[in-house]
Amino acid sequence: MDVPPPAGGPHYPACSATPNPLVGACTPGVLSETLSVEGALRERMRLAALGAEVGVALTQGETLRDMLHRTAEAVVHHLHAALARVWTLHIPENMLELQASAGLYTHLDGLHSRIPVGQLKIGLIAQERQPHLTNAVIGDPRINDQAWAKREGMVAFAGYPLTVGNRLVGVLAMFARQPLTLVTLEALASVANTIALGIERTRAEAVLRSSEERFRNLVEGSLQGMVIQRHFKALFVNQAYADIFGYTPTDILAMSSTLQLFAPCEHARLQAYHKARLRGESIPSHYECQGVRKDGTPIWVDTLARLVEWEGHVVVQGTLIDITARKQAEAAQQHLAEQLRQAQKMEAIGTLAGGIAHDFNNILGPILVYTGLALKEVPPDSHARTCMQGVLAAGHRAKDLVQQLLAFSHTSDQQRQPVHLHHIVQDALRLIRALLPSTIHLRQHVGTTSSTILANPTQFHQVLMNLCSNAEHAMRATGGSLAVSLDAVEVTADFAVAHPPLQPGPSLRLTVSDTGHGMPPEVLERIFEPFFTTKGVGEGTGLGLAVVHGIVADHAGTITVTSAPDQGTTFAIYLPTSDAPVPPEPPEEPLPQGHEHLLLVDDEAVIVHVWQHVLESLGYTVVACTNSVEALAMFTAAPQAFDLVITDQTMPRLTGEALVGEIRRIRPQMPIILCTGFSHIMTAAQATALGINAFVMKPMAICEFSLLIRQVLEQARREEIS
C-alpha cells in the first residue's frame, strides 16, 4: 500500500522487488520535501560523486572486504549517513556476513556480524528481496532497538537487497540523522545495483583465480609433461614438459614448431594425426613416439592428445610421460630373452652336432682310410689317382665341416694357421663353377697376393660356399651374374669404429655379389640370426649366414651387406692380414712301421676291420674286438701280451673311459690311445687328467695316426727304461 505523503507533498509508490529510481517508504514516515532547484543540482552532483567513488572502490579494492569498506565509507561521506554497512550472503549456511561498516561503528563483530536470512530487519530484506526505506525510524516496527535509535538521533533507514538477476548476493543498509530525499534513494538504489554486480564479479574472479591457481599448482607440480599448442606452436608448457626434452619452458614457447622436439621419423605421423583430429576423424589419442632431447639424446614418450578450447581457439592439449627407462628395460629384457633363445638354439645345435659327429665320423673314417690305401695302389700319373685325391680332399673337408659344426656350438676349438686366402678362394671357385647352372655366369677377380691371414682354411672354404650358395638360390629362377673378387684394402679408423671388431690397418676384402631379387630392409636386418631363413621348407636351415658371421667375427673381421628389392645383393668380408709366413707343405714320407702287439677296440665293425688291415700292413700284430666287455676279458687274461691299447670312447655296456680304468687297475703303466667321434663327457683335457697317453678325434688319417702310434710306443719305452 502507498505511504501517505506529508500535506502538500508528492505521492510515492510502494517499493518493489527491483529497486526503482522513484522508491517510496515501506514503513510509515514522511520523505523529505522537494528541494530547491539549486539544492537539487548540488544533490545530483553529490550523488554523482558517490557513484563515481563507489565505481572506483569496486575496481581498485584489493579484496572484497576492502572494496566494500571503501564503498561503505563513500556512502557515509556523500550521503551524510550516520552508519553504513554491507553484508554478503554465505550460500552454504544461508547466512549474511558483515563485510564492511563505516560511520558510527567500524567493527565487524557483534550481534550483526552474522545474520541468518529471515531474521532481524537485515535478514528480512534478504528473504523478501525488497528494499526497506523509511524516514521515520522511531516507531518503525522493523527497527528493533528503538532506544538506541532515539539515543543516537536516527531519523531515516534504507536497506537494499543486493541481487544479480534472481540471485541474492548481500544486503546494503544505512542509517541517517536526517531525512532521505527521493534523489538520494534513487542514487542509493543505483549504488546497490553497482555493489551487487561488484560483489558478483569479485566472487567470480576469486573463484576463477582459485581455479586457475589450483590448475597451475596441479599442472606445475605434475610429473607429467603438459602442453597446449595450436598447429604445433606451443601456447603453454609446464616445467615437467620442458624437463623431458631438456629445455626451459621459455625455450619451447619461442620455438616455431614443437615438431623439432620429436625424431624426424615421427613428423609425418604426428602431422597426419593433427590434421585428422581437426577433421573429427577417429585416430589414436594415446600413442608412443620418439623424441629428441636438446643434447641430441633420443628418448621415448607416452602421449595423450585431445582437442580443447583455449582463449577462443581450438587447440591440442598434450600430456606426456618419459618412458625411455621403461623402453630400455623392455629392450634389455627382450635382449635377454633373445639371448636365452639363442642359447637354447645353440644347445640344440650342440646336441645335434654331437650325434651327427659321432655317426658321421664313423662313416668318414673308412672312406678316408680306404681311399688312402687305394692311392698307394694306383700309378702317380693316372686319372684314377686324380679322382681319388679329389675324394680324399672332399672327405677331409667333410671331416673339417663336422669340426665347424662343433665349433659353432662352442664344443670344439678350431686351429688356425697362416694361409693365402686367394688359394682358398680359387679352390672353392673350382667346385662352385661346376655346381652353377648355365643360366648363371660366374665372374671372378682373384689376384695373387703375398698377404696372409691367420685362419682355418676349411672355415673360409665354407664361408665362400655358403655365400655363393645363397647367391645361386637368389638367381635360380631368373639367372644372372655371380661376381667374386679379392683385393687388398687399408681399413680406416672411422670404418673400423663403425664395424667392430675390425681394427684399422691393412686388410683383405672378399666380395661376393649377385644380380638376384635382393632383400627388403626387414629381411636384411635379420639375415645373420640363427635359424632365420626366407627359403622354403627343405631348402634352407637358416644357419648358413649365421655360421658365416660367426666365423668372420671370430677372426677379428667384419662382414657388410648391401641389398634392395630387385637390386641384387653384395656381401663384403674384411679380414686383418698377418705378418706370419705360410709354412711350406711337408714332404710326403713313408708311413712309420712297427712290430708291437696292439689291442684295437671299437663297436663299429667297419672301423675295426679297416684299421686292423692298415695296422697289420704296417707290421703290427692286431687283436681286434667290437665288444668292450670281451676286450676287457681278453686283456685280463693276458695283460702283458699287449704293447698298446687303442679304444673308442662311446660304446655300449662299457665306455672307453671305463675300460681304461679297468685296464689301468690291472696294469697301471699300460699305454692307451682314446678315440672318439664326439663325446659330451670326454675332452682332451679330461683324457690327459685321466693319464691317457693320447686323445684322438675321428676320423683319423693314416699318416697322422701311424705317427701318433709310434710316438706313444716310443714314449712308453723311454719311460720304462728310465
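One table, with the values for the structure above:
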read-out	value
Subset of segment 436-477 [among the hydroxyl-bearing types (Ser, Thr, Tyr), in a loop (DSSP other than H, G, I, E, B) and modelled with pLDDT under 90]	SER438, THR448, THR449, SER450, SER451
Given (1) surrounded by 13 or more Cβ atoms within 10 Å (Cβ to Cβ); (2) in the same structural domain as LEU278 (by TED's automatic domain parsing); (3) in contact with a helix residue (DSSP H, G or I) (Cβ under 9 Å, 6 or more places away or on another chain), number of the condition THR250 does not satisfy	(1)
Among residues of segment 366-394, those that are in a helix (DSSP H, G or I), more than 20 Å from VAL606 (Cα to Cα) and of a type in the set (Val, Ile, Thr), counted	1
Residue check, GLN649 within 22 Å of THR688 (Cα to Cα), within 60 Å of the chain's Cα centre (by Cα) and of a type outside the set (Ser, Thr, Tyr)	yes
Segment 693-710 residues that are closer than 14 Å to CYS675 by Cα, paired with ones that are part of a strand (DSSP E or B) and basic (Lys, Arg) (beta carbon under 6 Å, 6 or more apart)	none
Which numbered condition GLY165 misses (of (1) at negative phi; (2) surrounded by fewer than 19 Cβ atoms within 10 Å (Cβ to Cβ))	(1)
Subset of segment 480-524 that is of a type in the set (Ser, Thr, Tyr) and in a strand (DSSP E or B) - its residue that is nearest to SER451 (Cα to Cα)	SER507
Single unsatisfied condition, ILE138 versus (1) part of a strand (DSSP E or B); (2) of a type in the set (Val, Ile, Thr); (3) surrounded by fewer than 20 Cβ atoms within 10 Å (Cβ to Cβ)	(1)
Test for ALA434: is it surrounded by 17 or more Cβ atoms within 10 Å (Cβ to Cβ) and out of contact with any Asp or Glu (no Cβ under 7 Å at 6 or more places or on another chain)	no
Looking only at segment 450-478, and only at residues there that are over 19 Å from ILE559 (Cβ atoms) and in contact with a strand residue (DSSP E or B) (Cβ under 6 Å, 6 or more places away or on another chain), the one that is surrounded by the fewest Cβ atoms within 10 Å (Cβ to Cβ)	THR452
Tally, over segment 233-263, of residues that are under 23 Å from the mean Cα position of the chain (by Cα) and closer than 23 Å to SER285 by Cβ	11
Test: residue in segment 305-315 that is in a strand (DSSP E or B), at pLDDT 90 or above and touching a Gly at 6+ places or on another chain (Cβ under 7 Å)	yes
Restricting segment 357-411 to residues that are aromatic (Phe, Trp, Tyr) and modelled with pLDDT of 70 or more, the residue that is surrounded by the most Cβ atoms within 10 Å (Cβ to Cβ)	PHE360
Residue among GLU97, GLU128, GLU62, GLU152 that is surrounded by fewer than 23 Cβ atoms within 10 Å (Cβ to Cβ), within 27 Å of SER210 (Cα to Cα) and at pLDDT 90 or above	GLU97
Segment 309-324: number of residues that are hydrophobic (A, V, I, L, M, F, W, C) and out of contact with any strand residue (DSSP E or B) (no Cβ under 9 Å at 6 or more places or on another chain)	0
Residue identified as surrounded by 14 or more Cβ atoms within 10 Å (Cβ to Cβ), of a type outside the set (Val, Ile, Thr) and under 23 Å from GLN426 (Cα atoms) among SER563, SER507	SER507
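A quick yes/no check of all residues on (1) at pLDDT 80 or above; (2) over 30 Å from TYR620 (Cβ atoms); (3) not in a loop (DSSP other than H, G, I, E, B):
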position: GLY542; (1), (2), (3): no, yes, no
position: LEU545; (1), (2), (3): yes, yes, yes
position: ILE551; (1), (2), (3): yes, yes, yes
position: VAL561; (1), (2), (3): yes, yes, yes
position: PRO565; (1), (2), (3): yes, yes, no
position: ILE573; (1), (2), (3): yes, yes, yes
position: GLU588; (1), (2), (3): no, no, no
position: LEU591; (1), (2), (3): yes, no, no
position: HIS595; (1), (2), (3): yes, no, no
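Residue-wise test of (1) β-branched (Val, Ile, Thr); (2) in a helix (DSSP H, G or I).
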{"site": "ILE646", "(1), (2)": "yes, no"}
{"site": "MET651", "(1), (2)": "no, no"}
{"site": "LEU659", "(1), (2)": "no, yes"}
{"site": "ARG664", "(1), (2)": "no, yes"}
{"site": "MET670", "(1), (2)": "no, no"}
{"site": "LEU674", "(1), (2)": "no, no"}
{"site": "CYS703", "(1), (2)": "no, yes"}
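The values are calculated or read from the model by the stated rules, or taken from the named source; none is laboratory data. The shown structure was predicted, so the numbers you read here are calculated from the model rather than taken from an experiment. Positions of Cβ are backbone-derived with ideal geometry, glycine not excepted, and every protein chain shown enters the neighbour counts.
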